[in-house]
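The values are calculated or read from the model by the stated rules, or taken from the named source; none is laboratory data. This structure is a prediction, so every number in the text was calculated from the model and none was measured. Backbone-built Cβ (ideal geometry, glycine too); neighbour counts: all protein chains shown. Ligands, DNA and RNA are stripped out before the accessible areas are found, and what is left, the full protein with its side chains, is counted by its heavy atoms. Shrake-Rupley method; radii C 1.70, N 1.55, O 1.52, S 1.80 Å.
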Amino acid sequence: VFAAAWPWSAMAGPFYGGVNVGYTGGLGIHLTGSFMDFTRDLPLSARLTLGYNQASAGDPYAARRVFINDNTNGDPEKSAKTWQFRFDLMFPTFKLGPQTLYLFAGPRHARYTANFNYIGGNENFEVISQHWGWGLGLEGRYPMSPTTNFVLGGGFDWYLGSELDGHDTIYSPDLDPVNGREDYTYDDAD
């Protein structure tokens, strides 16, 4: 998946506020707040992030087959979004030139909602899921002015599988489906 962002952060004492705008399968924005060096003896910082991304809803005809019925009538409209909550602890690891690079790691929570509306087909339903995960990465801050930094970093997030709930059907990665259709499985629903 291609991801690009325009990051910005502003400093007010030991607090940084930031905005990331980018594209990961759809337009996204993340708002962050960081408390720098909040411990007395450890150079440890904390960051809280709230993010919103437009996402891919997938194949609307397959979604109807897996969650409702085999009808093919109606013109499908689809949309999807993800809300993300992140908490990171950041630790300065080493210097790259004059700048310090920070290792960050922490828990993640994502809430995904896809909506499928079949115009003329009398079907409109949502598929929802909630996932927990972990993130790990490395970033550097480069001053642009006395109160503004350009933040450059990279990392990855890993999420556990979770139930997919749509209409009156639930598919789980480790349990039998509830009101599952035919022989469809979690992998089909995912």
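Listing for the model above:
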| item | result |
| --- | --- |
| Enumeration of residues in the range 118-143 that are of a type in the set (A, V, I, L, M, F, W, C) and in contact with a Gly (Cβ under 8 Å, 6 or more places away or on another chain) | 119, 125, 127, 128, 134, 136, 138 |
| Long-range neighbours under 6 Å by Cβ, at least six apart or interchain, first residue charged (D, E, K, R) within the range 148-167, second assigned to a strand (DSSP E or B) and open to solvent by less than 50 Å² (accessible area, probe 1.4 Å) | 157/108; 157/133; 157/135; 163/170 |
| Options 152, 44, 101, 136: the member that is under 21 Å from the mean Cα position of the chain (by Cα) and under 22 Å from residue 14 (Cα atoms) | 152 |
| Meets criteria (part of a strand (DSSP E or B), out of contact with any His (no Cβ under 9 Å at 6 or more places or on another chain), closer than 30 Å to residue 67 by Cβ and of a type in the set (S, T, N, Q)) for residue 113 | yes |
| Number of the condition not met by residue 55 [criteria: (1) more than 21 Å from residue 106 (Cα to Cα); (2) of a type in the set (A, V, I, L, M); (3) open to solvent by 50 Å² or more (accessible area, probe 1.4 Å)] | (3) |
| Tally of residues being part of a strand (DSSP E or B), more than 23 Å from residue 161 (Cα to Cα) and either among the basic types (Lys, Arg) or open to solvent by 20 Å² or more (accessible area, probe 1.4 Å) (or both) across the range 116-135 | 4 |
| Counted residues, the range 154-173 - those being within 20 Å of residue 63 (Cα to Cα) and outside any strand (DSSP E or B) | 7 |
| The one condition in (1) among the β-branched types (Val, Ile, Thr); (2) touching a Leu at 6+ places or on another chain (Cβ under 7 Å); (3) modelled with pLDDT under 90 that residue 148 fails to fulfil | (2) |
| Members of the range 136-172 found to be under 30 Å from residue 65 (Cα atoms) and open to solvent by less than 60 Å² (accessible area, probe 1.4 Å), listed by number | 161, 162, 164, 165, 166, 169, 170, 171, 172 |
| Test: residue 175 is open to solvent by less than 70 Å² (accessible area, probe 1.4 Å) and among the aliphatic types (A, V, I, L, M) | no |
